[in-house]
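Before we start, here is the structure in question, set down as structure tokens.
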Amino acid sequence: MNFLKYQGEGEGEEKICVVKYFQQQYNLKLRYPFLPCIMTPSGTYFPPEVCDLETGQRVTRKLSERQTAEMIKFTCQAPAIRSEKIQHGMNLLEYDQNKHCRQWGLKVSPKMAVIDARVLPAPRLAYHPSGKESNFAPQLGTWQLGPGKKMLNGATLKSWSIIVFANPHHIKKEIVDGFIRELIKTLGENGMNIVNPKPPILHANPQGNIEITIRQAYTAAGNAAQFKPQLILCVLQGRSTLYDEIKRIEDTVLGVPTQCIMSNKLFKANKQYCGMLGLKINVKLQGNNVSLQREYLPFFLEAPTIVFGADVTHPGFGDNNPSIAAVVASFDALATRYATSIRFQGPRVEIISSLKEMVQELLKVFYKETRKKPERILFYRDGVSEGQFEEVLTFEIDAIRKACTTLEATYRPKITFVVVQKRHHTRFFPTDNNTDKSKNCLPGTVVEKEITHPFEFDFYLQSHPGLQGTSRPTHYHVLIDENKFKSDPLQSLTYNLCYSYARCPRAVSVVPPAYYAHLAAFRARHMLEESTNILFRRWR
């Protein structure tokens, strides 16, 4: 690397390389001159060998996927272990001996608070009536797929193709054929209709032109079925930027759904994995996997109701790309299908600046599909901190009202606005053996006293079964409630909705509208480089 060195008054500048500069200035001969320099935020460059990394220095940049996975694994602790370490930490802090605490009259209990909680009953779910288990209640927040449970509305797959982004000598054709046979068999047993059991299979170089490859697969699918392509299945070797590129092409170039799978899954094509894959494929083809039994959604049956979810994702540290706002909304009677509206806005701006227009779009979709105007709006807003509540009340709720009156001057549906918070440090530890398999509190655990706000409407809900580590409950805080919910109906409705997530047979930790909004905003990152316009598409 070369740069211009200022020589002094009247002596001009000298072009000099980094190696020569350090030799002249510090009499230091660089041992690794071939390594790239480290750039500081101020724009200064240093050779790595002259830098020291201080112990305990905090990493502010985004971790890689591998680093993130390792960090999660490292910090994952079973409830009993985490509880023990928290107690040990409290003993080390010795708050009762702290002079500042004594001066202020602050007393910290050395033990965790023991509070009352209750467990909500799980809702009953509806699959296709032709299945043996078309009406059933999940146990411990999860259930198994199988022949007895057929998708509520299985899609028909006519035109599709497969791309294997790997060397054909590593993943041979017979391996791919065997996986496809098992996948088709499982999808058929679960209620889908696969018209073309022998889709075209293409092998491609993952370092090549991905857009050309996907266009070729698109054409091959259409020619083989004489029907507009519906799906492209992509087999990937490991996680890489290839996934992002595939999704960008799907959303901004071809508009055909893609389903990515890891190549190692081809060698063990079991029914459980194929069944999980089928859930994703079915909803991408506008099918419907499962719904709640109608009696568990009384709020939706009493009057036309639309459910919104909203989230904003922000660029990483040092990145000045826009923040992305996503709003999703149901467009059927039982809140099983969702549309989405996406906007780009200023970096790290949390308030959704285009919320009025986004809500208008989604209200129109609801009316187009149901021929009814929603009389009730239930809005779940993710990503808002307590310090932003007042700003949300001032701007976002006003934007929702203006969206309604802009469509029709007298249109004023009743609004319930709920903030969804996952970024907190509250954890629940069961005091008895009434736990799930991971020793966490049971799905449906609700806490609404003692650790909640003394007079505002909020509650903690642990809706999901734990997979590993200590589960984190979700904090729901109601900012406005024109529908005049009582605690139990809103808690039950929120919990019941957690069983309607389209992509897996288990209750999820966050109410699905907020979950979908988060996924939509994250997905928009893939198309950020190619599009600066407003994006609006149907999405599950």
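Note down all Cβ pairs under 8 Å where the first residue falls in region 214-232 and is farther than 17 Å from CYS260 by Cα, the second is part of a helix (DSSP H, G or I) and modelled with pLDDT of 95 or more, and they're at least six residues apart or on different chains.
LYS228/GLY222
Can you tell me which condition PHE417 does not meet? The list is (1) within 30 Å of GLN77 (Cα to Cα); (2) in a strand (DSSP E or B), and all the others hold.
Against the list (1) within 30 Å of GLN77 (Cα to Cα); (2) in a strand (DSSP E or B), PHE417 comes up short only on (1).
Looking at GLU245, GLU189, which is the one that is under 18 Å from HIS526 (Cα atoms), at pLDDT below 95 and in the same structural domain as LYS158 (by TED's automatic domain parsing)? Full working, then the answer.
On the way: GLU189 fails: under 18 Å from HIS526 (Cα atoms).
Only one candidate passes the filter, namely GLU245.
Follow-up question, since we're still on this one. I'd like to check something: does region 403-418 contain any residue that is more than 28 Å from ALA69 (Cβ to Cβ), of a type in the set (Asp, Glu), out of contact with any His (no Cβ under 7 Å at 6 or more places or on another chain) and in contact (Cβ under 8 Å) with a residue 60 or more places away in the chain? Give the steps one after another, and end with the answer.
Taking region 403-418 as the starting set, the residues that turn out to be more than 28 Å from ALA69 (Cβ to Cβ) are 403-418.
Cutting the leftovers down to of a type in the set (Asp, Glu) gives us 408.
Adding the requirement that they be out of contact with any His (no Cβ under 7 Å at 6 or more places or on another chain) leaves 408.
Add one more test, that the residue is in contact (Cβ under 8 Å) with a residue 60 or more places away in the chain, and what stays is none.
No, region 403-418 contains no residue that is more than 28 Å from ALA69 (Cβ to Cβ), of a type in the set (Asp, Glu), out of contact with any His (no Cβ under 7 Å at 6 or more places or on another chain) and in contact (Cβ under 8 Å) with a residue 60 or more places away in the chain.
How do the helices (runs of 4 or more DSSP H) wholly within region 58-119 filter down when requiring 2 or more residues that are out of contact with any helix residue (DSSP H, G or I) (no Cβ under 6 Å at 6 or more places or on another chain), of a type outside the set (S, T, N, Q) and surrounded by 10 or more Cβ atoms within 10 Å (Cβ to Cβ): which remain?
On the way: elements: 65-75, 79-93, 99-103.
Fully inside region 58-119 and qualifying: 65-75, 79-93.
Among the residues in region 257-266, are any surrounded by fewer than 16 Cβ atoms within 10 Å (Cβ to Cβ), small (Gly, Ala, Ser), at pLDDT below 95 and out of contact with any Asp or Glu (no Cβ under 7 Å at 6 or more places or on another chain)?
No: region 257-266 contains no residue that is surrounded by fewer than 16 Cβ atoms within 10 Å (Cβ to Cβ), small (Gly, Ala, Ser), at pLDDT below 95 and out of contact with any Asp or Glu (no Cβ under 7 Å at 6 or more places or on another chain).
While we're on this one: Looking only at region 326-361, which residues are part of a helix (DSSP H, G or I) and surrounded by 24 or more Cβ atoms within 10 Å (Cβ to Cβ)? It would help to see each step written out before you state the result.
Of region 326-361, the ones part of a helix (DSSP H, G or I) are 355-361.
Listed by number, the residues that qualify are LEU355, MET358, VAL359.
Right, here's the next one. From the list LEU297, LEU334, LEU279, which one is in the same structural domain as PHE165 (by TED's automatic domain parsing) and aliphatic (A, V, I, L, M)?
Working: LEU297 fails: in the same structural domain as PHE165 (by TED's automatic domain parsing); LEU334 fails: in the same structural domain as PHE165 (by TED's automatic domain parsing).
The match here is LEU279.
Something else about it: What's the number of the condition GLU391 fails, among (1) under 22 Å from THR340 (Cα atoms); (2) of a type in the set (D, E, K, R); (3) touching a residue at least 40 places away in the same chain (Cβ under 8 Å)?
Status for GLU391: all satisfied but (1).
Being assigned to a helix (DSSP H, G or I) and of a type in the set (Gly, Ala, Ser) is the filter; apply it to region 267-289 and report the residue that is surrounded by the most Cβ atoms within 10 Å (Cβ to Cβ).
Kept after step one, since they are assigned to a helix (DSSP H, G or I), are these residues of region 267-289: 267, 271-284.
Going one step further and asking which of them are of a type in the set (Gly, Ala, Ser), we end up with 275, 278.
Values: GLY275: 19, GLY278: 27.
Filtering first and then ranking leaves GLY278.
Given the structure, is LEU363 hydrophobic (A, V, I, L, M, F, W, C) and modelled with pLDDT of 95 or more?
It is true that LEU363 is hydrophobic (A, V, I, L, M, F, W, C) and modelled with pLDDT of 95 or more.
What number of residues within region 220-253 are more than 29 Å from SER341 (Cα to Cα) and of a type in the set (S, T, N, Q)?
Adding up the residues that qualify gives 3.
Another question, if that's okay. Pick from THR213, THR252: which is within 18 Å of LYS284 (Cα to Cα) and part of a helix (DSSP H, G or I)?
Result: THR252 is the single residue among THR213, THR252 that is within 18 Å of LYS284 (Cα to Cα) and part of a helix (DSSP H, G or I).
The values are calculated or read from the model by the stated rules, or taken from the named source; none is laboratory data. What you are looking at is a predicted structure, and each value in this text was computed from that prediction instead of being measured. A quick note on method: Cβ atoms are made from the backbone with ideal geometry, for glycine too, and the neighbour counts reach across all protein chains shown.
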